Amino acid sequence: MAVEAILFTYLVTFPGALWVIETNYDYALLYGCTEQQDDGSCDVNAEFAHVISRRRHLSGPLLRRVDYIVRRRLCIDTTRFQFTNHSRT
């Protein structure tokens with residue numbers, strides 16, 4: 001299944017394309033690739049995804065939706081994701 005996306009211009013230098021895969025008022029799912037293979041697909045070691053949220057934690061249903069999109073549509077292993085600690089110190 002092809003992933004429909006909007007090309008996203010980031011304000012900092014980034015060594016590849018960055019796409020907004022899905023967004024709503026609460027979050028945005030971004031996908032990037034820094035190295036493409038000859039067939040146009042992204043090298044599995046050169047792709048990444050970011051989840052940006054207005055809140056510190058995504059709700060259960062929203063987290064499951066993001067996980068589904070990242071695993072099933074983008075084929076990215078979410079066990080390699082790193083969570084950012086947003087707690088106040």
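The values are calculated or read from the model by the stated rules, or taken from the named source; none is laboratory data. Fair warning: this is a prediction, and the values are worked out from it, not measured in the lab. Neighbour counts are summed over all protein chains in view; Cβ atoms, including those assigned to glycine, are modelled from backbone coordinates with ideal geometry.
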Report task. Starting from the stretch 22-37, take each residue that is touching a residue at least 40 places away in the same chain (Cβ under 8 Å) and list its partners that are in a loop (DSSP other than H, G, I, E, B), counting only C-beta distances under 6 angstrom and pairs at least six apart or across chains. Result -> Tyr31/Leu74
Query raised in the report: Restricting the stretch 26-52 to residues that are of a type in the set (Ser, Thr, Tyr) and surrounded by fewer than 16 Cβ atoms within 10 Å (Cβ to Cβ), which is farthest from the chain's Cα centre (by Cα)?
Result: Ser41
Report summary line: Selection over the stretch 11-35 where residues are among the aromatic types (Phe, Trp, Tyr) and either under 20 Å from Arg71 (Cα atoms) or at pLDDT below 50 (or both) yields a count of 3
Report task. Could you pull out the residue among Asp67, Asp38 that is part of a loop (DSSP other than H, G, I, E, B), of a type in the set (D, E, K, R) and modelled with pLDDT of 85 or more? Result -> Asp38
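Looking only at the stretch 53-64, filter to residues that are under 19 Å from Thr84 (Cα atoms) and assigned to a helix (DSSP H, G or I); which one of those is farthest from the chain's Cα centre (by Cα)? Don't jump to the end; show me each part of the working.
Keep residues of the stretch 53-64 that are under 19 Å from Thr84 (Cα atoms), which gives 53-60, 62-64.
From what's left, assigned to a helix (DSSP H, G or I): 60, 62-64.
Working: Gly60: 18, Leu62: 14, Leu63: 12, Arg64: 14 Å.
Ranking the qualifying residues of the stretch 53-64, first place goes to Gly60.
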Query raised in the report: Which residue pairs have Cβ atoms closer than 6 Å, lie 6 or more positions apart in sequence or on different chains, and pair a first residue in the stretch 50-64 that is on the phi < 0 side of the Ramachandran plot and without any contact (Cβ under 8 Å) to a residue 24 or more places away in the chain with a second residue that is buried (at least 16 other Cβ atoms within 10 Å of the Cβ) and aliphatic (A, V, I, L, M)?
Result: His50/Leu30
